[in-house]
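First the structure, in the form of structure tokens, and then the observations on it.
The values are calculated or read from the model by the stated rules, or taken from the named source; none is laboratory data. Quantities reported herein were computed from a predicted structural model and do not represent experimental measurements. So basically every Cβ, Gly included, is an ideal-geometry build from the backbone, and we count neighbours across all protein chains shown. Accessible surface is based on the protein model in full, side chains and every heavy atom, while ligands, DNA and RNA are left aside. Shrake-Rupley method; radii C 1.70, N 1.55, O 1.52, S 1.80 Å.
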Amino acid sequence: MRLRRLSTLTAATMLAPAFWALPAQGEPNQKPVETTQEAAALVDPADPAVGDGDYATSQDIALAKDKTPEVARERDLAVLGATGRQAVESSLAVIGVTWEGDTPLAVQYRTEGPKGWGAWQGIDTSSEGDGVESQARTRAGSDPIVLTGATAVQARILGAPGDAPRNPTLAVIDPGHGEGDANTGVQAGAAQAAASRPTIRSRAQWGADESIRKGSPSYGVVRGAIVHHTAGTNNYSPSQVPAILRGIYAFHVKDRGWSDIGYNFLVDKWGRVWEGRYGGTNRSLVGAQASGFNGVTMGISVMGDYRYVNPPQASIDAVTRVIAWKASIHGFDPRGRFTHNGKSYRNVSGHRDVGQTSCPGLIYNYLPAMATRAAALKGGSSLGNTGGSAQVGGTTRPPAVGSPPSGGLNVADAMLLGTTGKLFAVSPAGAASISYARALDQRSWRGYDRILVTQDISGDRFPDLLTRGRQDGRLYVHPGRGTGVAARTSLGGGWNAMAHIVAPGDWTGDGRADLITVQKSDGKMYLYPGKGNNKFGSRVAIGQAWGGMAHVLAVGDWSGDRKPDLVGITASGQAYLYRGDGRGRFTKATKSSLGSVKGYSRFVGMTGTGRILAVRADGSAAVLRPSGNGMAATAVSPNFRGLTVFGG
């Protein structure tokens with residue numbers, strides 16, 4: 001029988017080209033717009049320049065405790081510092097307060113208009129950074145606040161007596177005027193079909209000055225969305241939106257010390273969607289929307305203050321469309337939940353769900369309906385993250401093969417490393433799909449050049465992780481737990497002499513997990529029979545001439561004879577099946593061609609499933625499975641661009 005080549009099977013099933021933030025039709029990019037700002041120190045409240053800003057009424061104290069729960073436990077709050085009157089020279093300005101250290105403080109501001117000073121208002125604060133390890137020193141501070149029509153502003157900080165921070169500073173930012181600001185239109189650009197990409201106005205369209213960005217984009221996974229509002233004013237015009245974005249961007253980078261604007265997307269009150277953080281709207285870009293959750297969610301913020309007024313329906317619709325589109329790309333169910341650091345959260349959460357804040361105001365009440373609508377737009381595809389049966393294409397299927405407790409290991413998992421060093425996993429789901437990515441551990445795993453899952457070798461009945469130290473060449477076992485993994489144990493050194501380390505499960509048929517390696521120097525394949533309790537017997541040579549294989553994969557029973565098999569892939573992309581005999585070696589009819597897999601760069605054998613996860617250089621991926629004497633491929637929606645995929 002003539003073997004079918006994979007390249008002829010996948011043409012109609014591969015993912016469409018990746019989408020980037022493109023200009024809306026008829027709305028050209030504009031030149032980068034420079035922002036300017038004035039900085040004013042917050043001085044001792046006894047300074048004459050502060051005026052009556054040193055006096056806080058009982059209502060002001062109550063406001064401080066309401067806006068900043070971290071200081072609410074203090075019985076007595078005092079004004080610790082304040083600015084004098086700071087002139088606002090532009091019709092639209094963005095302000096914010098920052099300081100050194102992580103002291104919890106309440107920030108308040110008031111504006112001057114034709115009738116004099118208004119009442120003091122509160123600003124949400126945080127000490128969080130933007131989750132990018134290469135980032136320079138960051139400062140604690142407030143959210144940025146947009147001012148329109150103010151002639152002057154004054155800011156102050158309140159906290160426990162004696163807790164005055166170091167170097168508190170008010171920034172007053174003039175976002176400048178771009179020639180294209182008035183040419184953005186107000187049409188929202190609704191999605192054309194379920195889960196299609198909504199119109200997203202690019203950074204170039206709001207005049208982002210790319211020269212102030214710091215470092216390179218960082219990537220993790222997207223398991224859900226965190227919804228925000230920017231606070232500040234609701235009194236802005238369509239042509240002022242680009243300036244507001246530039247002001248927020250400048251405050252986040254220049255004053256908070258972040259690498260870029262914090263949100264992945266921003267939505268104005270007309271329902272127009274704007275690209276936030278640089279790095280690709282379709283990718284799993286790490287933002288700064290919620291400390292501790294930046295690497296596993298995307299952040300979207302509605303521009304305006306919705307503490308006391310309901311959001312426009314156009315904004316709610318736009319946020320819903322973005323969530324539906326991102327859910328379809330990254331494979332999460334908007335109606336489901338995810339577990340992070342041992343706690344469960346809705347896949348569509350508000351900022352207040354994950355932080356000490358009232359954000360996103362009354363938008364919070366809309367989140368359940370938004371999640372339901374986003375799931376309908378997405379097409380009802382939930383990939384195993386709802387805790388029970390998952391709906392795919394209108395049919396109900398059981399949870400993924402060998403599904404672990406939430407956050408635990410599955411023996412068929414593929415290991416993923418984000419650019420921040422966090423470890424994630426995806427599991428097989430059904431015959432030709434994969435689950436949403438889930439976080440396994442919050443420590444940095446950058447020190448390992450091999451990370452793979454094996455059946456239990458530590459003796460606790462949970463799957464384990466095997467890693468190889470990048471510098472020391474030692475092999476380590478990290479025992480799996482119901483959630484996450486435990487501290488590592490060394491299995492010895494010298495493993496950097498191996499070109500391939502494969503965890504095939506029980507290769508010998510004695511009920512214990514074994515290891516298979518290929519030596520760099522001579523291409524010989526060795527079996528290390530498992531003995532339990534983190535021990536292996538003396539190695540046994542079981543093959544030779546494996547040095548020509550670029551990838552060696554443990555795939556479980558590919559051939560259908562109930563014995564584990566291996567797949568080898570050459571550097572030219574030719575795949576071969578090697579049938580195991582179930583007793584530690586190979587059958588006589590060892591090798592058969594499976595066809596070409598040229599075009600893929602990473603492969604993960606999903607142990608025990610007879611499946612392979614194949615990933616292209618652009619991050620698109622497919623599940624490969626047996627089909628006659630060859631392979632069939634089915635594209636999967638999560639994109640792996642920006643992630644390190646550990647394979648054979």
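For region 468-487, give me each residue that is surrounded by 16 or more Cβ atoms within 10 Å (Cβ to Cβ) and under 25 Å from Ala499 (Cβ atoms). Selection gives Arg468, Gly469, Arg474, Leu475, Tyr476, Val477, His478. Would you call Ile434 surrounded by 22 or more Cβ atoms within 10 Å (Cβ to Cβ) and within 16 Å of Met606 (Cα to Cα)? Yes, satisfied. If we scan region 486-501, do we find a residue that is within 35 Å of the chain's Cα centre (by Cα), closer than 30 Å to Lys343 by Cα and β-branched (Val, Ile, Thr)? Looking through region 486-501, at least one residue is within 35 Å of the chain's Cα centre (by Cα), closer than 30 Å to Lys343 by Cα and β-branched (Val, Ile, Thr). Being modelled with pLDDT of 90 or more and closer than 24 Å to Glu275 by Cα holds for only one residue in Asn310, Asn347, and it is Asn347. Restricting attention to region 246-268 and to residues that are in contact with a helix residue (DSSP H, G or I) (Cβ under 9 Å, 6 or more places away or on another chain) and not in a loop (DSSP other than H, G, I, E, B), the residue that is most open to solvent (accessible area, probe 1.4 Å) turns out to be Lys254. What do you reckon, is Thr151 surrounded by fewer than 20 Cβ atoms within 10 Å (Cβ to Cβ) and not small (Gly, Ala, Ser)? Considered against the rule, which asks whether it is surrounded by fewer than 20 Cβ atoms within 10 Å (Cβ to Cβ) and not small (Gly, Ala, Ser), Thr151 comes out as yes. Within the option set Tyr600, Tyr576, being more than 21 Å from Ile516 (Cβ to Cβ) and touching a Lys or Arg at 6+ places or on another chain (Cβ under 6 Å) holds for one residue only, Tyr600. Given the criteria under 30 Å from Leu416 (Cα atoms) and either touching a Cys at 6+ places or on another chain (Cβ under 9 Å) or in contact (Cβ under 8 Å) with a residue 60 or more places away in the chain (or both), does Gly247 qualify? Answer is no for this residue. When the residues of region 445-459 are filtered to those that are touching a residue at least 60 places away in the same chain (Cβ under 8 Å) and more than 20 Å from Met606 (Cβ to Cβ), the one that is surrounded by the most Cβ atoms within 10 Å (Cβ to Cβ) is Ser458.
Close Cβ contacts (under 7 Å, 6 or more residues apart or on different chains) running from residues in region 284-295 that are farther than 14 Å from Phe265 by Cβ to residues that are surrounded by fewer than 24 Cβ atoms within 10 Å (Cβ to Cβ) and acidic (Asp, Glu) comprise Ser291/Glu128.
Within region 520-538, if we keep just the residues that are open to solvent by less than 20 Å² (accessible area, probe 1.4 Å) and not in a loop (DSSP other than H, G, I, E, B), the residue that is farthest from Val477 (Cα to Cα) turns out to be Met525. Residues in region 320-345 that are part of a loop (DSSP other than H, G, I, E, B) and open to solvent by 40 Å² or more (accessible area, probe 1.4 Å): Arg335, Asn341, Gly342.
Scanning region 420-437 for residues that are part of a loop (DSSP other than H, G, I, E, B) and modelled with pLDDT under 85 gives Thr420, Ser427, Ala429, Gly430, Ala431, Ala432, Ser433, Ser435, Tyr436, Ala437.
Okay, residues lined up against (1) surrounded by fewer than 17 Cβ atoms within 10 Å (Cβ to Cβ); (2) in contact with a Leu (Cβ under 9 Å, 6 or more places away or on another chain); (3) in a loop (DSSP other than H, G, I, E, B):
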| site | (1), (2), (3) |
| --- | --- |
| Gly81 | no, yes, no |
| Glu89 | yes, no, yes |
| Val94 | no, yes, no |
| Val97 | no, yes, no |
| Pro104 | no, no, yes |
| Val107 | no, yes, no |
| Glu112 | no, no, no |
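Screening His551 against (1) buried (at least 20 other Cβ atoms within 10 Å of the Cβ); (2) part of a strand (DSSP E or B); (3) at pLDDT below 95 leaves a single unmet condition, (3). Within region 115-172, the only residue that satisfies the criterion of being in a loop (DSSP other than H, G, I, E, B), among the β-branched types (Val, Ile, Thr) and either at pLDDT 90 or above or more than 35 Å from the chain's Cα centre (by Cα) (or both) is Thr151.
Taking each residue of region 139-153 that is within 17 Å of Leu42 (Cβ to Cβ) and of a type in the set (Lys, Arg) and looking for partners that are open to solvent by less than 40 Å² (accessible area, probe 1.4 Å) and in a strand (DSSP E or B) with beta-carbon atoms closer than 6 Å, six or more apart or interchain, yields Arg139/Thr98. Glu275 passes every criterion in (1) modelled with pLDDT under 95; (2) open to solvent by 10 Å² or more (accessible area, probe 1.4 Å); (3) in contact with a helix residue (DSSP H, G or I) (Cβ under 9 Å, 6 or more places away or on another chain) apart from (1). If the condition is being open to solvent by less than 20 Å² (accessible area, probe 1.4 Å), out of contact with any Ser or Thr (no Cβ under 9 Å at 6 or more places or on another chain) and either among the polar types (S, T, N, Q) or not in a loop (DSSP other than H, G, I, E, B) (or both), then region 282-317 contributes Asn282, Ser284, Gly299, Ile300, Ser315, Ile316.
Got at least one residue in region 589-609 being open to solvent by 50 Å² or more (accessible area, probe 1.4 Å), of a type in the set (Lys, Arg) and within 22 Å of Ile501 (Cα to Cα)? Yes: region 589-609 contains one or more residues that are open to solvent by 50 Å² or more (accessible area, probe 1.4 Å), of a type in the set (Lys, Arg) and within 22 Å of Ile501 (Cα to Cα).
On the given criteria, is Ala376 in a helix (DSSP H, G or I), open to solvent by 30 Å² or more (accessible area, probe 1.4 Å) and either under 22 Å from Asp305 (Cα atoms) or modelled with pLDDT under 90 (or both)? So Ala376 passes the test. Within region 408-418, the set of residues being buried (at least 21 other Cβ atoms within 10 Å of the Cβ) and not in a strand (DSSP E or B) comprises Leu409, Asn410, Val411, Ala412, Asp413, Gly418.
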